[in-house]
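See structure below.
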Amino acid sequence: MRFLLATLLFAAPLHAQLRETVEVNVLELDVAVVDRAGKPVDGLTQDDFEVQIGGRQKAVTNFFAVKRGAILDAPGETPRAEAIAPETTIPTTVVLFVDDMHLGIRSKLRTIEALKEYVRANVGPSTSAMIARWNGSLDVRTRLTDRPGPLLAELDRMAKEPGLLSESDRRLMLREITETFNGIRDSGRSSRVEATFHQMVVYADQEAHMVDKTLDGLSEMIRVASAFEGRKSLLYVSEGLPLSAATEVFDYWDRSTRAVSTQAIPNLQQSGREILKTVNPMRYDRTRKYERVIRTAQKSNVAFYAVDAAGARGLAGRGVDEFGGLAQLDSMLATSNIQDGVRLIANETGGRFIRNENDLGNALAVLSEQFATYYSLGVSAPSSTRLMKVAVKVKNHPELRVLTSRHRRPLSRQEKLERSVRSHLYTPRAENPLGAEVSLGAAMPVGTECIVPMRLSVARESADLYFALLDERQQESDVRSTTIAAAHSMSLGVKAGKYVLSLALADPASGETTYLQREIDARGCR
């Protein structure tokens, strides 16, 4: 998703980049509270919550309740849609992440219809969404918008694209294992055992690689969502994602070898089990990859939600009986393997995972309520930017479940500036307390690049400049920074195309910051 500016011509790097300023400020925690039935709990007050950060009790110093995006003035208040003003709302932003690599065609169509229902019911002035598709690579289909029309049109287009999940590879692998061990009558079949085992290892390697790529895609979209304002969520829709590649297939091999008659072929059972020991199970365990996604979400303050689009599941072992197998596929193992990792991310980031729900529209309605109905708790931030353990509970109500990120960290001043610059790539807003002016010259082709002259002036002796670009494919550049004088000229080197430029000019003494955005049209350099 990220790209690098082809050329950056400016003064020496910002000295502040060589040091980190840690400020003691307020750490905001988004907290959803649900009852045993999973329904949001209204009417709680600041005094109802108990918060620990890094094992230390923290007083709640800032507090407000949000219901359907509106800030409530009193506990239990119900917002009236016609009375909600922008200044009394907290924006809700949701990335709708459709994993076509792990969606069958039937689930895909049900998913699209449910997402369309969600968009019609929720996207508007206080809720924005964007759509990303995973099909082996990340495909951002829309930019962040509060208009339902573009989202619905894109979902209609996606409905015509096939879901790419296929059980055929796994079924073929299970059939091969079954046929390898069925009806063995002579020791010559041991060579087939070795060949089938090798084939199983190749299958597991391929599945592990696909899981890794999918998790990388999720991490990238979480980083994109980190730039958004307000309550930030990612909704992941698939039929599951393995925590450990091919776990149920290796287990089926083991079960099949145990079922082989030792009287038919002496030592075959033992050799089949011995060859299984040559594979280290940790080779296919993706727990650490899942934990990296969790840390990315926690650092970005993005809650992860997921729906199992398969709905209520039958026996995952079906289809093996028809092969006449010696053993049964462990249906509970297969199901837990594709759900546990996704559930782990949701639990650790303050989100939620819904499974065994055939009505996907209802599942999304439940999640949409949690997206925009929650409590904001402010506590004194620790003097560290490391992730620290967060524990929140409602006093005297052990039956209530609190959903919040289990680790958080405060942002440094520089990180806040960088995040604001990125946020304004998607939601432009000009604020200019420093009286800054920015002018862009026409893009000029130089070799394979386009050079865009830029001149800045600011009513200060100097200022810290931060800036980033967003291209037509919704790809961000890194945030770059430097220190500039009252008048400063520089050049941006980009590829041919259109861009949004977002920049911040900060007075290091007063903390006042100007935010400005400009459009760059470098299509003429093609």
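The values are calculated or read from the model by the stated rules, or taken from the named source; none is laboratory data. For clarity, every value in this text was computed on a predicted model and none was experimentally measured. Note that each Cβ is placed from the backbone with ideal geometry, even for glycine, and that neighbours are counted across all protein chains shown.
For this structure, a couple of remarks:
- Any hit, the stretch 408-426, residues being in contact with a Gly (Cβ under 7 Å, 6 or more places away or on another chain) and in contact (Cβ under 8 Å) with a residue 24 or more places away in the chain: no
- The set of residues in the stretch 159-173 being touching a helix residue (DSSP H, G or I) at 6+ places or on another chain (Cβ under 6 Å), assigned to a helix (DSSP H, G or I) and buried (at least 17 other Cβ atoms within 10 Å of the Cβ) consists of Met173 alone.
- Check on Asp99, touching a helix residue (DSSP H, G or I) at 6+ places or on another chain (Cβ under 8 Å), among the acidic types (Asp, Glu) and either farther than 22 Å from Thr404 by Cβ or modelled with pLDDT under 90 (or both): yes
- Residue match in the stretch 278-291 (condition: in the same structural domain as Ala365 (by TED's automatic domain parsing), acidic (Asp, Glu) and either touching a strand residue (DSSP E or B) at 6+ places or on another chain (Cβ under 7 Å) or buried (at least 23 other Cβ atoms within 10 Å of the Cβ) (or both)): yes
- Residue within the stretch 347-358 that is modelled with pLDDT of 95 or more, under 23 Å from Val293 (Cβ atoms), in a helix (DSSP H, G or I) and in contact with a Phe, Trp or Tyr (Cβ under 7 Å, 6 or more places away or on another chain) present: yes
- Of the residues making up the stretch 359-382, those that are over 30 Å from Val60 (Cα atoms) and surrounded by 18 or more Cβ atoms within 10 Å (Cβ to Cβ) are Leu360, Ala363, Leu364.
- Filter pass, Asp100 being crowded, with 19+ Cβ neighbours inside 10 Å and among the charged types (D, E, K, R): yes
- When restricted to residues that are surrounded by 15 or more Cβ atoms within 10 Å (Cβ to Cβ) and closer than 25 Å to Ala132 by Cα, the stretch 497-520 contains 7.
- Leu470 in contact with a Pro (Cβ under 9 Å, 6 or more places away or on another chain), surrounded by 15 or more Cβ atoms within 10 Å (Cβ to Cβ) and not assigned by TED's automatic domain parsing to the domain that holds Ala303: no
- Among residues of the stretch 55-74 being buried (at least 16 other Cβ atoms within 10 Å of the Cβ) and farther than 14 Å from Ser376 by Cβ, the one that is modelled with the lowest pLDDT is Arg68.
- Residue that is surrounded by the most Cβ atoms within 10 Å (Cβ to Cβ), among those in the stretch 211-224 that are among the aliphatic types (A, V, I, L, M) and at pLDDT 95 or above: Leu218
- For the condition hydroxyl-bearing (Ser, Thr, Tyr) and either farther than 29 Å from Ile90 by Cβ or modelled with pLDDT of 95 or more (or both), Ser502 qualifies.
- Scan of the stretch 386-400 for residues that are buried (at least 16 other Cβ atoms within 10 Å of the Cβ) and at pLDDT below 95, ordered by number: Leu387, Met388
- One residue stands out among those in the stretch 75-96 that are surrounded by 16 or more Cβ atoms within 10 Å (Cβ to Cβ) and not hydroxyl-bearing (Ser, Thr, Tyr): the one that is modelled with the lowest pLDDT, which is Ile84.
- Which listed residue, of Ala436, Ala430, is surrounded by 14 or more Cβ atoms within 10 Å (Cβ to Cβ) and over 21 Å from Gly378 (Cα atoms): Ala436
- Residue in the stretch 129-143 that is under 30 Å from Leu326 (Cα atoms), at pLDDT 85 or above, out of contact with any His (no Cβ under 9 Å at 6 or more places or on another chain) and not in a loop (DSSP other than H, G, I, E, B) present: no
- Residues within the stretch 378-391 that are under 23 Å from the mean Cα position of the chain (by Cα) and outside any loop (DSSP other than H, G, I, E, B), tallied: 4
- Matching option when the condition is in contact with a helix residue (DSSP H, G or I) (Cβ under 6 Å, 6 or more places away or on another chain) and modelled with pLDDT of 85 or more, among Val237, Val260: Val237
- Among residues of the stretch 99-114 that are in a loop (DSSP other than H, G, I, E, B), those with a beta-carbon under 7 Å from a residue that is surrounded by 19 or more Cβ atoms within 10 Å (Cβ to Cβ) and among the polar types (S, T, N, Q) at least six positions away or on a different chain give the pairs Leu103/Thr111; Leu103/Ser238.
- Going through (1) acidic (Asp, Glu); (2) surrounded by fewer than 17 Cβ atoms within 10 Å (Cβ to Cβ); (3) under 22 Å from the mean Cα position of the chain (by Cα) one by one, Glu461 falls short only on (3).
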